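None of the figures in this text is laboratory data; all of them are computed from the coordinates on show. Everything numeric in this text was worked out from a predicted model, so none of it was measured. As a convention, Cβ positions derive from the backbone with ideal geometry for all residues, glycine included, and neighbour counts pool all protein chains shown.
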Amino acid sequence: MTYNINDAFLAHQVYQNVGRGSTLVSPDGSQWNVVLLSPPNSSDYQGMLVRNNATGQYTFVNRGTESATDFVSNAQMGIHKLPDQVPHARNFLQDAKDEIIRNGGNPTTDLSLTGHSLGGSITQVLGAENPNLQASTFNAYGVGNLIPAGGNYSNITNNVMAGDGVSVAPGSKMIGDTLMYTEPTNSNGDTSLTRGSHGVANFLSPDVANQNGTPATIALPPSLVLAGGDIQLYPPGF
């Protein structure tokens, strides 16, 4: 089992300065129209709603860590709090659903969610709250310790690089299914943690996209005991 490379492409594009109404062309030639961009807000949450020009399907994309304000959201997860960006993401998701309805679509059947890093964590939260929407994340910090237990998260698929440090940071607990992939330039599957492994561009590599992801379970305690015996808390983002 692998992921839809279009989701990885869109999770990458949300970091770019795309404009509303612009057209994005994904690696498989699909064309996407940028329908909505999130409005300015105090938490610096940023997201976009795009529409596949051929199929009419919509994808709601959450951006990951980029600004100094985003690091506040990362730190909040590190101390077992949902990021301040989540309420703004919820509001924007409702705006997206309303826009889909205005355009004659059905947000229950025509919409999916995606995001990378912090954006993937937000995607997990929204996917948990909207179980009818398929959600795909890339190198996300797992929010299983931050939301009520016992939900059915079969609509959520998490994709992680074997060397990613964010998805296995202290306190990360994935919800839904999780698939792990080896590095695009490392056929030996070295699992040493590197910053380079975290970038969403890894998932645009054919070496990764053509793999069958290995099912994985990620559920870590909130602290890491170092070799010297000290306990250190880490924020989940870079």
Under Karplus coefficients 6.51, -1.76 and 1.60, residue-wise ³J(HN,Hα) of the range 206-218 in Hz, glycine/proline x: x, 4, 8, 4, 8, 7, 8, x, 8, x, 9, 10, 10
Using modelled backbone amide H atoms (1.01 Å from N, in-plane), which distant-in-sequence or interchain residues come within less than 5 Å of Gln46's amide H? Arg63
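How long is the gain from Arg90 to Ser154 if the chain were fully straight, where each residue apart is worth 0.36 nm and the alpha carbon distance is subtracted?
Details: separation 64, 0.36 × 64 = 23.04 nm, distance 2.01 nm.
So the extension gain works out to 21.0 nm.
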Calculate one ³J(HN,Hα) per residue across the range 34-45 by plugging θ = phi - 60° into the Karplus curve 6.51 cos²θ - 1.76 cosθ + 1.60, and present them in order as whole Hz with x for glycine and proline. 7, 8, 9, 10, 5, x, x, 8, 5, 8, 6, 4
Hey, rough spin-label estimate for Asn41 and Arg102, points 7 angstrom out along Cα→Cβ, what's it come to in nanometres? 1.8 nm
Could you order the peptides 111-119, 2-10 from most to least packed, using the average number of other C-beta atoms within 10 Å per residue? 111-119, 2-10
